[in-house]
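Asks: Attaching a single structure in structure tokens format; questions to follow.
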Amino acid sequence: MTITEYKPMPGDYAPFYRGYIEAVETDDITSYLAIQKEQVLDFLRGIKWENWEVGYAPDKWTLAEVVLHMIDAERVFAYRALCIARGDQTPLPGMEQDDYVPNSGAASRTPASIVDEFAAVREATLHLFKNFTDDMWERRGIASDAEVTVPALAYIIGGHTAHHLQVIGERYL
């Protein structure tokens, strides 16, 4: 069994991410992320334009902002995985999502451009993870003041995306 064929355990990630890790019900994270990519693209492409421009309540993110947040977070988690996999032991900073979203430019974007960006980012993430060696997958580092493994970061990406798709389905559509 290779390192990519088991789910991360407590201690491989900060407790905050437990729900994201548990949301991914597989031991093959790279296949999961590839399948999830197609599911997300199909789902997002089916959403009417007008739904992208509104929040589900006052002072809540628009659907466009939520999807751009998913993209931003995936980039950050993948960057963390890259740094750790390459042996960089520099502690990595946290991400303040509430600072990113207002600066995302969501209101000036088309849904198609956002969907295309998700596809490109996920494809880059897949290439990154598919080309890690077993040694790279086994590495640990520090991100957001907590120890984290490379596999945990891959699972966090999948679980974070699943979480926000559920929120979109329940609150935006």
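Asks: Find the centroid of the Cα atoms in the range 136-156 and in the range 51-68, then give the distance between the two in whole Å.
Replies: 30
Asks: I've got another one for you. With label points built 7 Å along Cα→Cβ from the Cα atoms of Arg171 and Arg45, find their separation and express it in nm.
Replies: So the two model labels end up 2.7 nm from each other.
Asks: DSSP loop (so not H, G, I, E, B), at most 15 other Cβ within 10 Å: list which GluC sites (Glu not before Pro) in the range 57-142 pass both filters. Don't skip to the end; give the middle numbers.
Replies: Numbers: sites: Glu65, Glu74, Glu96, Glu117, Glu123, Glu138; in loops: Glu96, Glu138.
Here the sparse-neighbourhood loop sites are Glu96, Glu138.
Asks: Using 0.36 nm times the number of residues separating Asp28 and Asp116, minus their current alpha carbon distance, what extension gain do you get?
Replies: Values: separation 88, 0.36 × 88 = 31.68 nm, distance 2.50 nm.
Additional length available on full extension: 29.2 nm.
Asks: A further question on this structure: Using Rg/Rh (Cα atoms, Kirkwood Rh) as the read-out, say which of (1) 1.08; (2) 0.97; (3) 1.04 was calculated from these coordinates.
Replies: (2)
Asks: Which whole-Hz ³J(HN,Hα) couplings does the range 84-95 yield from phi under the Karplus relation 6.51 cos²θ - 1.76 cosθ + 1.60, θ = phi - 60°, glycine and proline marked x?
Replies: Values per residue, Gly and Pro as x: 5, 4, 7, x, 6, 9, 5, x, 9, x, x, 10 Hz.
Asks: Separate question: Would you calculate a helix-derived [θ] at 222 nm for the chain, using -39,500 (n - 2.57) for each DSSP H run of n ≥ 4 and dividing by the full residue count, to the nearest 500?
Replies: Values: 7 runs with 92 residues, N = 173.
My calculation for the chain gives -17000 deg cm²/dmol from helical runs alone.
Asks: Let me ask something additional. Of all trypsin sites (Lys or Arg not before Pro) in the range 1-71, which ones are in loop regions per DSSP and have a Cβ with at most 11 other Cβ atoms within 10 Å? Provide the component values of the computation, followed by the final result.
Replies: Numbers: sites: Arg18, Lys37, Arg45, Lys48, Lys60; in loops: Lys48, Lys60.
Here the sparse-neighbourhood loop sites are Lys48.
Asks: What list of ³J(HN,Hα) couplings, whole Hz, do you get for the range 156-172 from phi and the Karplus terms 6.51, -1.76, 1.60, once you set θ to phi - 60° and write x for glycine and proline?
Replies: Each residue's phi maps through the Karplus curve to give 4, 4, x, x, 5, 4, 4, 4, 6, 5, 5, 4, 4, x, 7, 10, 9 Hz.
Computed from the coordinates by the stated procedures, all read-outs in this text should not be read as laboratory data. Given the structure is predicted, the values throughout are model-derived calculations rather than measurements. Methodologically, a virtual Cβ is constructed for each residue, glycine included, from the backbone with ideal geometry; neighbour enumeration extends over all protein chains shown.
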